[in-house]
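Novice: Let me begin by handing over the structure; questions about it come next.
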Amino acid sequence: MKAVHVVNPQRVNNGHSMPFIGVPQVWANWGGFHGENMRVGVIDTGIDYLHANFGGPGTVEAYDADDPTIIEGESFPTAKVIGGTDFAGTNYDASSLDPAIFTPVPDPDPIDHAGHGSHVAGTIAGLGVNTDGSTYAGPYNSSLDTTALRIGPGAAPLAGLYALKVFGDGGGSTSLAALAMEWAVDPDQDGDFSDHLDVVNLSLGSSFGSSNDAEASIYSAAVAAGVVVVIAAGNDGDVNFILGAPGSTPEVVTVAATSIGDYGALRVNSPDGVAGLKEQGSGSPDPAVITPLTGNLVVADPIEGCTAATATAAAPLNNAAAVAGNIAIIRRGTCSFINKVQAAQASGAVAVIIFNQSLNATQPPPNMALDTTTNIPARSLNFTDGTAIVTAAGDATVNVTIDDSLILVKPAEADEVASFSSRGPTPHAEPRAAQARRRRARRQHRLHRGRHRQRQRQLQRHLHGHAAHRRRAHAAPPGAPGLDSGAAQGADHEHRRPRHVHPAQHR
């Protein structure tokens, strides 16, 4: 496999998505399943086991005090994140050309510094977070109003989680997912697979996967060992054959992204001409905005936020004095999302909004790849909304509120495959049983062909002997006249060679 690329994270609110897919009904019916006694591995960017959603203290101080390369005291494993390890290390990125970066430096602490793995783990088995920031302690039943929580619980809140970190803290790409999968099949590495994890999730992949992918046999073997392997289809859009690997492995459960019609949003408070909720995208890693952040927008100078200095350093914008203390709005293009956010930070902005350029006029707000050098909230808008806001800012003060609890509802898009989700078909995708039948058919064909050739050789020997006998029988004695015509000879000794039908021609 050349590379595996992290899936672009989507901000969703479990308070809306879990009821939409019927999770409370599962809790209430069919035996009241909550994930009891299940062990679920998350092969991703790690899990922030210090977060309140996983029963941790949930404080910035506890997170900042953690050394991501060692286990301090009894900080890990926890009652919720009951195991795991870091296969990658802090700076690992498989797509780098620098050996110091593309070489993994494993350590025992799988804490998440990129955010994606914690988001995935929370969707699977998060406990939930109350409005005061404390861990929700239950009950998990149909009476729970998940929208009243800061973070809704996951689908299986009583399952135990294993953090299998295969990405560095900056995200990027990885070649370690198969190694983590092997660990999940045999966690204590003793050669006995009976202690395998029950379920393993991989929200990652590389596009244009095949059932013959180089690592597919590892995932197939994991399923054969009894692991339920769940893999993302990918975020590369409605293109034939773009379904990602290892999700293209026939035996695994591959999941596309669907829309519930709810989108994260920011609110434009004024002026009236552009006021209202606007669909937003976000960055990763990116600070969450739990306490609403309200401020005036200032259009960046230059509007794309890219000066000669920002290409190589975190230099301020030309209008840094006007941006300071406000929310900068910047157009996509020319330089990276990271450069744009760094420029806003260096100018003293409290947050930044980046909107699509005309090249992406029909696309939704982008989900931006950031890194640990960007530490102010970064949100994104589509081309239409961003352009309208910038135009309005030329004549009036535009005031906005960033609040991650805001939801824009699009009922017409409920329960549809998301526009960004990868589709199939997968080349050569067929069940292993069908592949086995084809192999048996090929072996049988080769066997028939061998027998056919043996019969041909036997016939040739027979014909050769018969022709010699015929020449002896019809040889004229000395002085005798020869035969008048070959027709009489042929009539007496006609020998027709049988026609053999190739086995493949039989019906």
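Novice: Give me a count of the residues in region 38-56 that are more than 15 Å from residue 112 (Cβ to Cβ) and either in a strand (DSSP E or B) or modelled with pLDDT under 95 (or both).
Specialist: Looking only at that region, the number is 2.
Novice: Go through the residues of region 77-87 one by one and say whether even a single one is of a type outside the set (S, T, N, Q), under 18 Å from residue 19 (Cβ atoms) and crowded, with 17+ Cβ neighbours inside 10 Å.
Specialist: Checking region 77-87: not a single residue is of a type outside the set (S, T, N, Q), under 18 Å from residue 19 (Cβ atoms) and crowded, with 17+ Cβ neighbours inside 10 Å.
Novice: Sticking with this structure for a sec: Looking at residue 244, is it on the phi > 0 side of the Ramachandran plot, within 16 Å of the chain's Cα centre (by Cα) and not charged (D, E, K, R)?
Specialist: When the stated conditions are applied, residue 244 does not pass them.
Novice: Further question on the same structure: Within region 348-386, track down each residue that is crowded, with 22+ Cβ neighbours inside 10 Å, of a type in the set (A, V, I, L, M) and not in a loop (DSSP other than H, G, I, E, B).
Specialist: Passing the criteria: 351, 352, 353, 354, 368, 378, 381.
Novice: Consider residue 126 against the criteria (1) under 22 Å from the mean Cα position of the chain (by Cα); (2) surrounded by fewer than 17 Cβ atoms within 10 Å (Cβ to Cβ): it satisfies all of them except one. Which criterion is unmet?
Specialist: (2)
Novice: Next question, about the same structure. Sort out which residues of region 285-334 are open to solvent by less than 30 Å² (accessible area, probe 1.4 Å), under 30 Å from residue 112 (Cα atoms) and not in a loop (DSSP other than H, G, I, E, B), and write them in order of number.
Specialist: 327, 328, 329, 330, 333
Novice: Which of the residues belonging to region 185-204 are in a helix (DSSP H, G or I) and under 18 Å from the mean Cα position of the chain (by Cα)?
Specialist: none
Novice: What about residue 276, is it touching a residue at least 60 places away in the same chain (Cβ under 8 Å) and under 16 Å from residue 408 (Cα atoms)?
Specialist: no
Novice: Looking at region 213-235, I want the residues that are open to solvent by 40 Å² or more (accessible area, probe 1.4 Å) and have a partner that is among the hydroxyl-bearing types (Ser, Thr, Tyr) and in a strand (DSSP E or B) with Cβ atoms under 6 Å, at least 6 apart or on another chain. Which pairs are those?
Specialist: From region 213-235, no pairs qualify.
Novice: Here's another thing I want to ask about it. Tell me, which residue of region 147-180 that is closer than 25 Å to residue 51 by Cβ and in a helix (DSSP H, G or I) is most open to solvent (accessible area, probe 1.4 Å)?
Specialist: Checked region 147-180; the qualifying residue most open to solvent (accessible area, probe 1.4 Å) is 147.
Novice: Ok, one more. Got a number for residues in region 205-218 being farther than 23 Å from residue 168 by Cβ and in a helix (DSSP H, G or I)?
Specialist: The total comes to 2.
Novice: List every residue pair whose Cβ atoms lie under 9 Å apart, where the two residues are 6 or more positions apart in sequence or sit on different chains, the first residue falls within region 409-424 and is assigned to a strand (DSSP E or B), and the second residue, located anywhere, is of a type in the set (D, E, K, R) and open to solvent by 90 Å² or more (accessible area, probe 1.4 Å).
Specialist: 417/238
Novice: Could you please find all residues in region 71-100 being outside any strand (DSSP E or B) and in contact (Cβ under 8 Å) with a residue 40 or more places away in the chain?
Specialist: 80, 87, 88, 89, 90, 91, 92, 93, 94, 95, 96
The values are calculated or read from the model by the stated rules, or taken from the named source; none is laboratory data. Please read these numbers as outputs of a predicted model, since none were measured by experiment. Glycine gets a Cβ as well: all are built from the backbone with ideal geometry, and neighbour counts include every protein chain shown. Side chains are part of the model used for accessible areas, which takes the heavy atoms of the whole protein and leaves out ligands, DNA and RNA. Shrake-Rupley method; radii C 1.70, N 1.55, O 1.52, S 1.80 Å.
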